[in-house]
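Okay, so here's the structure we're looking at.
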Amino acid sequence: MTTPTDLAIPPLLALLESQIAVDRSGEFLGYHRTRGLKLIRDFLRSRGFPVTEEERLGLTLMPYIQYEAREAGFDWASRGTPPPDLAPLFEIDARVMTGGVARDALTAAAFAKYVEETRRLLDEHTAIRARMYNGEP
């Protein structure tokens, strides 16, 4: 039986492919973003939307887009419109993290939950990187 979540995957895959096609080979963060987009694409194709926090930690794009957003004066945790060059990446992240719901279609409560979980994921990502740099497992 097809569910609304199943129907959300094909348009998201199309958006992912359009962003993967953007040449970011000369950018350090761009390389990581493209790598992350490919991971998301492959995960969605094989398993659907992430279910666990661990899966979402491995798929969130936020560690790679939040800095550019901040430099552009955009608060990713706001309901505002992201800068045009980053908007598709914010859309992908929101849809992946919320099971396919468009960023602007999230209710206030769902958006608050997305922000709260994303902050936890960013904290965990930062902690993992710190442990790596300190030679910890």
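The values are calculated or read from the model by the stated rules, or taken from the named source; none is laboratory data. In this text, all values refer to a predicted model and were calculated from it rather than measured experimentally. Backbone-built Cβ (ideal geometry, glycine too); neighbour counts: all protein chains shown.
Within the set of pairs 6 or more residues apart or between chains, which connect a residue that is of a type in the set (D, E) inside segment 51-64 to a residue that is outside any loop (DSSP other than H, G, I, E, B) with Cβ atoms less than 9 Å apart?
Within 9 Å, the pairs are E53/E117; E53/R120; E53/L121; E53/E124; E55/F43; E55/R47.
Among the residues of segment 13-27, what is the count of those that are among the acidic types (D, E) and either within 17 Å of R47 (Cα to Cα) or modelled with pLDDT under 95 (or both)?
Summing the residues that are among the acidic types (D, E) and either within 17 Å of R47 (Cα to Cα) or modelled with pLDDT under 95 (or both) in segment 13-27 gives 2.
For segment 99-127, which residues satisfy the criterion of being surrounded by 12 or more Cβ atoms within 10 Å (Cβ to Cβ), in a helix (DSSP H, G or I) and among the hydrophobic types (A, V, I, L, M, F, W, C)? Please lay out each step first, then the result.
First, the residues of segment 99-127 that are surrounded by 12 or more Cβ atoms within 10 Å (Cβ to Cβ): 99-103, 105-106, 110-115, 117-122, 124-125.
Next, only the ones that are in a helix (DSSP H, G or I) stay: 103, 105, 110-115, 117-122, 124-125.
Passing the criteria: A105, A110, F111, A112, V115, L121, L122.
Just the residues that are closer than 16 Å to L44 by Cα and part of a helix (DSSP H, G or I), please, taken from segment 79-98.
Within segment 79-98, L89, E91, I92, D93, A94, R95, V96, M97 meet the criteria.
Scan segment 128-137 residue by residue and report those that are part of a loop (DSSP other than H, G, I, E, B) and more than 20 Å from E54 (Cα to Cα).
Initial filter on segment 128-137 (part of a loop (DSSP other than H, G, I, E, B)): 134-137.
Matches in segment 128-137: N134, G135.
What's the number of the condition P10 fails, among (1) more than 17 Å from D85 (Cα to Cα); (2) at pLDDT below 95; (3) crowded, with 16+ Cβ neighbours inside 10 Å?
(3) is the only condition that P10 fails.
Can you go through I92, I65 and tell me which one is within 21 Å of L16 (Cα to Cα), surrounded by 11 or more Cβ atoms within 10 Å (Cβ to Cβ), of a type in the set (A, V, I, L, M) and at pLDDT 95 or above?
I92
Just one of L44, L37 is part of a helix (DSSP H, G or I) and over 21 Å from L122 (Cβ atoms); which is it?
One residue alone meets the criteria, L44.
Which of the residues belonging to segment 94-124 are under 11 Å from L57 (Cα atoms) and either of a type in the set (D, E) or in contact with a strand residue (DSSP E or B) (Cβ under 9 Å, 6 or more places away or on another chain) (or both)?
Correct list: E117, D123, E124.
Give all pairs with beta carbons closer than 7 Å in which a residue from segment 106-122 that is not polar (S, T, N, Q) meets a residue that is not in a helix (DSSP H, G or I); count only pairs at least 6 apart in sequence or on separate chains.
L106/T98; A110/T98; A110/V101; F111/R79; Y114/T98; Y114/L106; V115/A77; L121/T60
Give the residue that is farthest from R103 (Cα to Cα), with candidates limited to residues of segment 50-78 that are assigned to a helix (DSSP H, G or I) and among the hydrophobic types (A, V, I, L, M, F, W, C).
The selected residue is L57.
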